[in-house]
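> Sharing a structure with you now.
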Amino acid sequence: MNNIKNTLRAGFVAVAGLVTMYSCTETWNEHYDGTASLGYDGTTMQAIEEKAPDFAKIIKAYGYERELSSDNVYTIWAPANNSFKLSDYLDEQGKMYADSAEVVKQFIKNHIARYAISLSPEDQTFSLMNEKRGIMTADGKFGTATITESNLACKNGILHIINSASDYSYNLFELIKKQYDDDDFSGKDTLSLYAYLYAPENNKDSLIEDKSVSRGVDENGDKIWVDSFLLRNNTVLKNVDAELYDEDSLFIAILPTAKAWAERYKLAESLLVFNPYEDTRSEGACDSLKRHYANTFAMTDLFFNKNANEHWEDSLKSTNYIGYPWWEHIYYSKMPKNMPEDKELNDILAKCGSVIPCSNGDGYIVDEYPMSITEQFFKKISVRANSATINQDLDAGGTPAFTKNTSGTFRSTFGTFTFTMTDSAGFVISRTVENYNYVDIVPSSANANPKVAFEIPNTLSGTYDMYLVTCPIFLNQNYSNASVGEIDARGYRFYANVFERINAKKNMGSYPDKYTKRLENPDPEKSGSVFETKGLQVTEKGVVVNDTTYLGRYTFQNAYYGRNEEGVLIQIEANVPSKQTSVFSRELLISSLILKPHVEGEEDTQNTPSEDENPEAKMRKDTKSIIISNKHN
């Protein structure tokens with residue numbers, strides 16, 4: 001595979017000078033007109049036939065001579081005889097045998113521009129006929145070639161002779177095809193970035209006839225187009241705001257080889273086992289969903305718009321970035337402040353090897369992805385309780401109905417809370433707690449243990465480490481000038497149940513008991529299915545509250561990514577015996593539920609470190625007197 005990279009880079013590095021950072025507004029220098037005097041009493045095509053006959057043979061064989069014999073004004077940089085291999089384009093009878101459209105665009109039109117452009121004492125930048133940016137310097141350079149004879153003025157333009165063919169500058173979209181053509185991976189026709197982007201259903205270019213050139217008709221009477229002007233329309237790239245074929249843009253593109261794409265696609269596919277119920281709506285729906293999202297996942301975070309990245313020194317934001325959470329789809333060479341503690345530093349371009357300069361940006365061909373699947377698409381799921389869909393179940397032994405918009409049943413609280421406490425030693429602790437968002441689950445009666453189930457959206461058929469984030473019970477009351485002994489210091493005691501809607505054909509409205517699992521406490525020092533949280537503790541460090549509870553690891557059988565109907569509920573059920581109400585609160589202040597992807601071989605982050613292990617890691621920003629263990633929130 002390295003041969004592919006080396007072959008491509010050898011050609012692309014040479015044309016780096018053609019790449020410009022400027023927009024494609026067509027402005028023409030005033031000195032273009034009148035610089036060259038009439039030196040040939042004929043058309044540019046006739047001049048090429050005399051001065052560069054091999055180039056003329058190719059132009060005629062591929063049907064472009066009529067355009068250069070017309071009244072339109074052109075400038076041609078014609079490669080001299082013996083400066084390129086004629087056999088690359090013509091057979092022994094002088095007829096074309098290569099791809100017509102490709103030769104016209106990449107060779108013929110790569111040496112032609114509209115209007116009369118004379119060699120002058122100033123460097124000039126212009127648009128070639130193939131929409132690439134061309135440069136002619138004052139010292140007689142045209143792209144990668146040197147001008148040996150200049151300013152031959154003809155009836156319809158100007159001819160320059162150059163000592164070699166100027167290398168074609170691929171754009172990033174064309175580089176994807178070039179990479180595909182050179183790739184020897186056996187499965188590239190079905191599994192590759194090219195196969196996905198260039199598929200007819202995704203790549204819907206349309207021909208603009210009045211801007212194109214034809215030469216006669218074929219046996220069916222259809223026009224033969226030798227200069228096709230296409231209106232680009234790739235729906236996949238448009239959806240991610242990465243139109244890699246746009247010559248006016250400037251991108252960075254990470255281009256996996258077909259083998260690398262296939263490996264990442266299959267990893268994504270394993271996480272996209274959709275509920276067979278989808279096939280009752282339309283035949284093959286599950287397979288169609290799997291293919292669509294597996295391709296989407298494999299392409300995520302491969303493209304970066306240079307003009308949309310403001311902080312080159314420390315971060316690179318992909319075109320998949322949509323704003324919040326702001327740290328997703330961003331890769332770093334230097335970690336900024338206020339990042340989530342489980343966000344890893346990943347300088348992806350440092351892993352991509354040598355750059356391939358293209359006409360609209362930089363390409364990197366990689367044999368393996370520079371980001372993990374948990375960075376790319378197997379994302380953490382955070383469900384904030386006060387904005388979630390909550391399912392209430394008050395029937396003993398029943399299962400939550402699949403009903404929506406019941407969150408109004410519970411008190412949703414957020415904002416700022418200020419309190420002052422005095423500890424046993426007389427030390428005054430003042431604290432403002434900001435932006436605590438939670439749902440207050442109040443028992444229906446004094447002896448009731450409430451239970452509620454939260455819908456979890458966009459789950460994949462993978463393994464997750466699950467966490468419940470609660471707020472301390474004392475936040476639901478206004479303590480002012482209270483002593484530590486007066487504050488509600490109780491913790492929580494509860495069951496956690498997972499409901500997975502696997503067989504929904506019979507009953508779309510409920511989660512059958514057989515697909516319900518009561519989670520076991522993963523703490524090795526505890527047994528059974530009861531979870532307990534510590535309440536408020538006063539230590540020499542300050543007031544400590546542990547609000548993140550690890551619920552264990554769970555593998556879901558089906559994916560519900562992008563579905564309107566979620567297939568997963570996590571139910572929290574208070575379990576406080578009457579004799580323990582002084583230690584544990586039946587009322588629950590639930591902040592969020594978090595599912596963190598677990599991938600074998602990646603760092604195991606299932607347990608929250610204790611305060612003694614890493615107290616700073618669990619302090620909220622600007623916390624001085626209260627330490628709250630909330631690493632996963």
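Here, each number is a calculation from the coordinates, and none is a lab measurement. Every value quoted in this text rests on a predicted model; they were computed, and no experiment measured them. Cβ atoms come from the backbone with ideal geometry, glycine included; neighbour counts cover every protein chain shown.
> Suppose R0 equals 22 Å; then what is the FRET efficiency for Lys517 and Lys579 from their Cβ-Cβ distance, rounded to the nearest 0.05? Before the final figure, lay out the partial values.
Working: r = 28 Å, r/R0 = 1.29.
E(calc), rounded to 0.05, equals 0.20.
> Can I ask one more? How much length is gained on full extension from Asn81 to Lys526, taking 0.36 nm per residue of separation minus their Cα-Cα distance? List each step's numbers first, then the result.
Details: separation 445, 0.36 × 445 = 160.20 nm, distance 8.52 nm.
Extra length from Asn81 to Lys526 when fully extended: 151.7 nm.
> To continue, here is another question. What order do you get for His292, His111 when you list them from fewest to most C-beta neighbours inside 10 Å?
Working: His292 12, His111 27.
In increasing order of surrounding Cβ atoms, one gets His292, His111.
> Could you give the length gained by full extension between Lys306 and Lys204, i.e. 0.36 nm per residue of separation minus their alpha carbon distance, to one decimal place? Show your work: numbers first, answer last.
Working: separation 102, 0.36 × 102 = 36.72 nm, distance 2.56 nm.
Going from the current span to full extension adds 34.2 nm.
> Let me ask something else. Just rank Cys352, Cys471, fewest to most, by other beta-carbon atoms within 10 angstrom.
Details: Cys352 19, Cys471 25.
Lowest to highest Cβ neighbour count: Cys352, Cys471.
> Which distance in nm do the two modelled labels at Lys334 and Ser354 give, with both placed 7 Å along the Cα-to-Cβ direction?
Each label point lies 7 Å from its Cα, and together they span 2.9 nm.
> In whole Hz, with x marking every Gly and Pro, tabulate ³J(HN,Hα) for region 105-117 from phi via Karplus 6.51 cos²θ - 1.76 cosθ + 1.60, θ = phi - 60°.
6, 8, 10, 5, 6, 6, 10, 9, 9, 6, 6, 8, 10
> Once amide H atoms are built 1.01 Å from N in the peptide plane, which residues 5 or more positions from Ser127, or in another chain, come under 5 Å H to H?
Those lying under 5 Å, H to H, from Ser127 are Gly134.
> Using the number of other C-beta atoms within 10 angstrom as an exposure proxy, rank Ser372, Ser445 with the fewest first. List each step's numbers first, then the result.
Working: Ser372 16, Ser445 7.
Sorted ascending by nearby Cβ count, the order is Ser445, Ser372.
> Explain nothing, just compute: Karplus ³J(HN,Hα) = 6.51 cos²θ - 1.76 cosθ + 1.60, θ = phi - 60°, for every residue of region 375-386 in order, whole Hz, x for Gly and Pro.
7, 8, 8, 8, 8, 5, 10, 10, 10, 7, 4, 6
> Once amide H atoms are placed 1.01 Å from N in the peptide plane, what residues at a sequence separation of 5 or more from Asp362, or on another chain, have their amide H within under 5 Å of its amide H?
Residues meeting the criterion, in which the H sits 1.01 Å from N, are Phe251, Ile252, Ala253.
> Another question about this same structure. Looking at Asn360, Ile373, Trp327, which one has the Cα that reaches farthest to the positive end of the dipole of region 285-374 (charges on Cβ: Lys, Arg +1; Asp, Glu -1)?
Result: Asn360.
> Using the structure shown, select from Lys51/Lys109; Lys132/Lys317; Lys51/Lys155; Lys290/Lys379; Lys343/Lys517 the pairs with a Cα to Cα distance greater than 21 angstrom. Intermediate results must be reported in sequence, preceding the final value.
Details: Lys51/Lys109 18 Å; Lys132/Lys317 27 Å; Lys51/Lys155 16 Å; Lys290/Lys379 17 Å; Lys343/Lys517 30 Å.
The pairs that break the limit, which is 21 Å between Cα atoms, are Lys132/Lys317; Lys343/Lys517.
> Still on this structure, I have one more. Using the beta-carbon distance between Asp287 and Asp189 and R0 = 22 Å, what value does 1/(1 + (r/R0)^6) give for FRET efficiency, to the nearest 0.05?
Rounded to the nearest 0.05, the efficiency is 0.75.
> Still on this structure, I have one more. Place a +1 charge on the Cβ of each Lys and Arg in region 20-162 and a -1 charge on the Cβ of each Asp and Glu, then give the dipole magnitude about the Cα centre in debye, rounded to the nearest 20. Don't jump to the answer; show the numbers that get you there.
Numbers: 13 positive and 20 negative charges, 42 e Å.
Rounded to the nearest 20 debye, it is 200 debye.
> Let me ask another. Treat each spin label as a single point 7 Å out from the Cα along the C-beta direction, and report the Tyr97 to Ile322 distance in nm.
Distance between the two pseudo-spin positions: 5.2 nm.
> In region 81-111, which trypsin sites (Lys or Arg not before Pro) fall in coil by DSSP and have 12 or fewer other Cβ atoms within 10 Å? Don't skip to the end; give the middle numbers.
On the way: sites: Lys85, Lys95, Lys105, Lys109; in loops: Lys85, Lys95.
The qualifying sites are Lys85, Lys95.
> Follow-up question, since we're still on this one. Going 7 Å from the Cα of Ser164 along its beta-carbon direction, which residues of region 75-114 have the amide nitrogen within less than 13 Å of the resulting point?
The answer is 80, 83-85.
> Could you pull out the trypsin sites (Lys or Arg not before Pro) across region 117-167 that fall in loop regions by DSSP (anything but H, G, I, E, B) with no more than 16 other Cβ atoms inside 10 Å?
Values: sites: Lys132, Arg133, Lys141, Lys155; in loops: Lys132, Lys155.
When the trypsin sites (Lys or Arg not before Pro) of region 117-167 are filtered for loop state and at most 16 Cβ neighbours within 10 Å, Lys155 remain.
> What is the calculated FRET efficiency for Ala446 to Glu368, with r their C-beta to C-beta distance and R₀ = 56 Å, to the nearest 0.05? Don't jump to the answer; show the numbers that get you there.
Values: r = 60 Å, r/R0 = 1.07.
That pair, Ala446 with Glu368, gives E of 0.40.
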